[in-house]
Every structure is written in C-alpha cells, then in structure tokens.
Amino acid sequence: MTYIEPAPIKDKENPLESMMSRFDKAAELLGISDEMYHILKVPRKQVVVGLPVTMDNGQIKVFEGYRVIHSTILGPAKGGIRFDMAVNIDEVRALAAWMTWKCAVVDIPYGGAKGGVACNPRQMSAGEIERLMRAYTTAMLDVFGPDKDIPAPDMGTGPREMAWLMDEYSKAMGMTVHGVVTGKPLVLGGSLGRTEATGRGVTVSALSAMEKMRINPYRASAAIQGFGNVGMYAAELLHERGVTVQAISDISGGYYNARGIDIEDAMKYRADNGGILDGYQHADKITNEELLSLPVDVLVPAAKEDVITHDNAADIQAKMIVEGANGPTSASADDIINEKGIMVVPDILANAGGVTVSYFEWVQNRIGYKWNLERINRRSDRIMKDAFENVYATSQKYKVNMRLAAYIVAIDKVASTYKFRGGY
Ligand code: NAD
C-alpha cells in the first residue's frame, strides 16, 4: 500500500489525512488487495475553476471553486457545496471520499463527491452570492447532472443557493431539471423533512447508541457544539426525546445551563438575532473548548472538522460522541478516546440522515410525486437505524470500534460492487 496522496501537508492534522488513516486501517482489517486499495483511494475527477464575479462595487473578483468526484461505483456522485474561506482542494477531496463511504454505509445508490468555493458568504450581499453560485454552476455544467453528479447544500449554502443552481442548470439544458440538485426550497421540488434530516439522523444514532449503552434518554444529558442546520435540529429532537441538552454553542461561544437549555427559546432567539446565539441570556457563557469537556452522556460536535484532537481528547468526559459534523475528531485523537471507553458514532454514519433525505428528494423528483412528512421520517429513521445496527454488528464481529466498523461496511460494499462492474 504505497500510494501517497499528492498534496496534503504532513506536519499538521488535516481532515484528508485523518480520513485516509481510518480508511487504511479498515482496508487492512478487511484484507483488500493493493490494486483495490488504489482504485478506492484515488478520486475519479477533480475540477478546479476560476470564477470571475462582479461585486456590488462594480469590481470583478475571482473566486476559486472546486468539485471532486471520488467515486461513481455505486451510482451517480452525490455531495454538498461548501462556501467558506477555509475551503481548499485537500478538504474537498476528503469530503468527497467521505460521501462515498457515507452513502455506502446507509446503503443508498450513490457515489461520493464534494464541492466548494473559497469565499466568505457572511461578507457578501445576496446578489454577490447569487452571481457566484450561477458562475460556479455554469463552470460545472459538464460535471453536474441528475444521472452524473447531484450537489446539495453544505456549510455556508442552503436552499436559496440550490434554487439558483437548479435554475442556472435548467436554463442551460433548455428544460426544468429538478433532479440535478437536492436541498432545494419546497416549491421547487425540495423534500419535506430535508432541513431537519441530518439533525434527525444524529438523534436516531444517539438514541440507538444510548440503547446499546443502556442509557435512559430521560435521564441523559447532552452538549452540542454548533447551532446551525445540524446542531440546532439535533438539539431540538434530542430535547423532544427527553434528553436534557445542557449546552449549545456556535461561533459566538458556548451556552450552559445544568437544568437544560430551552431549545425552542434558543432557536427563537437565534432566528431573531441574525442566526447567531451571541448575547443569549438564559444560560451561562462558556467557551467552545469548555463545552467539549462537559461531563455529559452525549457530546455532539456539529460545527466543523478537527475540534477533538490529540490536545483535548483526554479532557473529554462524555460517554459517547455522536459526530454531526464531518471529521470533527482527528485520527490522532482516536486512540485516546478508545482507551477512555467512549463510544463514537462516526460522521459517515451519524450525519448520513441528510444524504438519505436528499436521496428521497431525488427519488421524488424523478417519479414526479411528493411524499408526505410521515413517510419520509419513517423511511429515513428506518434507514438510519438499520445502518446503525449493521455497523454495530460489524464492530462486534471484527472487535473494532464503531468508526472502523463503519469504514469496513462501506469499503466492503464499494469494493465488492466494483468487482462485479469491473475495470477497463
Ligand atoms: P451551518 O453553517 O448551518 O452551522 C454551523 C454552525 O457551527 C453554526 O452555528 C456556526 O456558528 C457554528 N460554528 C462555526 N465555527 C465554529 C467554531 N469554531 N466553534 C463553534 N461553533 C462553530 O452548517 P451545518 O450545515 O450545520 O454543518 C455543520 C457540519 O455538519 C459541517 O461539518 C458539515 O459538513 C456537516 N454536515 C452537514 C450536513 C447538512 O445536512 N447540513 C450533512 C452532513 C454533514
């Protein structure tokens, strides 16, 4: 197993290396051949584009955009588009591979992709973001397609951006193509339940893990880092299922209340306060770092990658970590967390509820029929629960932690499908 990825920086933790090191371990445990290892490791397509966009002041600014298709072995590629200053090709490559494993873990017929633009949407007007999204879509016309590569929202993007993408793509094709993108507004063929889907899947994962660890949700406590699309709905649903959510946080810091945060109240505050918790009064202010080390039953990192590292893993007191974000735990922290006996429901399983309902959206677009919320929630809960049980059984069979087990399930599925399809 000698392949070395071309770019990653070796001297600091990065999500690509973290992902690859877990992949390597699982591949070794599965005993896959060297050739299969290389087939699964190298992305199929990597596209980098320069996007000249006219800003509101009349000046043209050039943004760099990326799309990486890691695999199409199980079906068309699927993966979000991230608008963030920290976006770079390494991160996009890692996230694309993650999507391959995630779709395989929950057994939906998609390959993996990811895209992103290095930009700061918070400092851009709606018009600037729209022009950027349309420019990105045009640059990716050959890449995207309902049977080829189906984007979705990720950090910094949402239904509004997906609507612009669908519109731009449809104009270029000369017809309305709903199925080219998921996470669209409801009126444009979006699916009921998509907005809450990832947080809902995190909740199903957390409750399934509690069941295995014999923790009663009504006596359990949780701390949730990140109060955006994933963290907020995970907080709301865990709260609804009886869990005391003692701490939440966002970019403005952490908020702690031992008796439990009133999540509805916090959501309302956030909505009235420009989408941020800054100044929230019904809790004590703590730091994001303090939140991670609270003595709770469930810790949900749902903000960004690499927040649990070699440096702070020893301080974690939670009984389980349910990874809402992609790559919140760096590989160097894995051993410390294992030794402490903390159960980790890994990102590729825990946050797969989003892609599951994205898949439902695409299915509905293609059959031209809308499912009701009850059907969507029931089916996505079933998929998440089955995937959890499958990964748990694999972890018992191979006597490995849940993260390695999830990679084993995913790699085995992709590798065995590849064997049937064959190469050149
Ligand atoms: P979001 O932009 O809606 O929310 C992110 C939240 O994290 C915000 O509350 C933000 O203030 C907070 N945050 C940002 N930096 C922080 C920091 N340094 N410390 C603490 N909080 C910080 O994004 P999201 O869609 O909720 O995505 C969060 C994570 O989940 C990302 O890793 C994303 O890739 C992953 N994810 C999202 C989905 C989805 O459906 N949205 C699906 C799978 C995985």
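The values are calculated or read from the model by the stated rules, or taken from the named source; none is laboratory data. It should be emphasised that the depicted structure is a prediction, and the values quoted were computed from it without experimental measurement. Methodologically, a virtual Cβ is constructed for each residue, glycine included, from the backbone with ideal geometry; neighbour enumeration extends over all protein chains shown. Note: accessible area is taken over every heavy atom of the protein model, side chains too, but ligands, DNA and RNA are not part of it. Shrake-Rupley method; radii C 1.70, N 1.55, O 1.52, S 1.80 Å.
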(request) Place the peptides 99-106, 177-184 in order of packing, highest mean first, counting for every residue the other Cβ atoms within 10 Å and averaging per peptide. (result) 99-106, 177-184
(message) Can you return the lysines within cross-link range of K171? Criterion is Cα-Cα under 17 Å, with same-chain partners fewer than 8 residues away left out.
(response) K184
(request) Place the peptides 384-392, 203-211 in order of packing, highest mean first, counting for every residue the other Cβ atoms within 10 Å and averaging per peptide. (result) 203-211, 384-392
(request) Would you list which lysines come within 27 Å of K413, measuring only between C-alpha atoms, while excluding same-chain residues fewer than 8 positions from it? (result) K25, K41, K45, K78, K102, K114, K148, K212, K385, K397, K399
(message) Keeping every protein chain present and rolling a 1.4 Å probe, give me the accessible area per residue for region 277-424 in Å².
(response) 44
(request) Sketch the reach of a paramagnetic label on K340 as a point 7 Å from Cα along Cα-to-Cβ, and name the residues of region 373-413 whose backbone nitrogen lies under 13 Å away. (result) none
(request) Please count, across region 266-348, the pairs of lysine residues with Cα atoms under 22 Å apart that sit 8 or more places apart or on different chains. (result) 4
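Ignoring ligands, DNA and RNA, please state the percent of accessible area on region 290-424 from carbon and sulfur, probe 1.4 Å.
50
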(message) Before I look further, what does region 107-189 give for accessible area per residue, probe 1.4 Å, in whole square angstrom?
(response) 38
(message) What are the ³J(HN,Hα) couplings of region 259-273, residue after residue, when phi is run through the Karplus curve with 6.51, -1.76, 1.60 and θ = phi - 60°? Round to Hz, x for glycine and proline.
(response) 7, x, 7, 6, 5, 4, 5, 5, 5, 5, 4, 4, 5, 7, 10
(request) Mind checking the full-extension length gain between R219 and K399? Use 0.36 nm per residue of separation minus the Cα-Cα distance, one decimal, nm. (result) 61.9 nm
(request) Compute the signed sum of charges (Lys and Arg +1, Asp and Glu -1) over the other residues within less than 9 Å, Cβ to Cβ, of E236. (result) -3
(message) If I take R0 = 45 Å and measure r between the Cβ atoms of N257 and K148 in this structure, what FRET efficiency does the formula 1/(1 + (r/R0)^6) give, to the nearest 0.05?
(response) 0.40
(message) Could you work out how much longer the chain between R366 and T54 gets when fully extended? Use 0.36 nm per residue separation minus the Cα distance between them, nm to one decimal.
(response) 108.8 nm
(request) Express the carbon and sulfur contribution to the solvent-accessible surface of region 155-248 as a percent, rounded to the nearest whole number, probe 1.4 angstrom. (result) 52
(message) Give me the net charge for the shell around N338: Cβ to Cβ below 14 angstrom, other residues only, Lys and Arg +1, Asp and Glu -1.
(response) +3
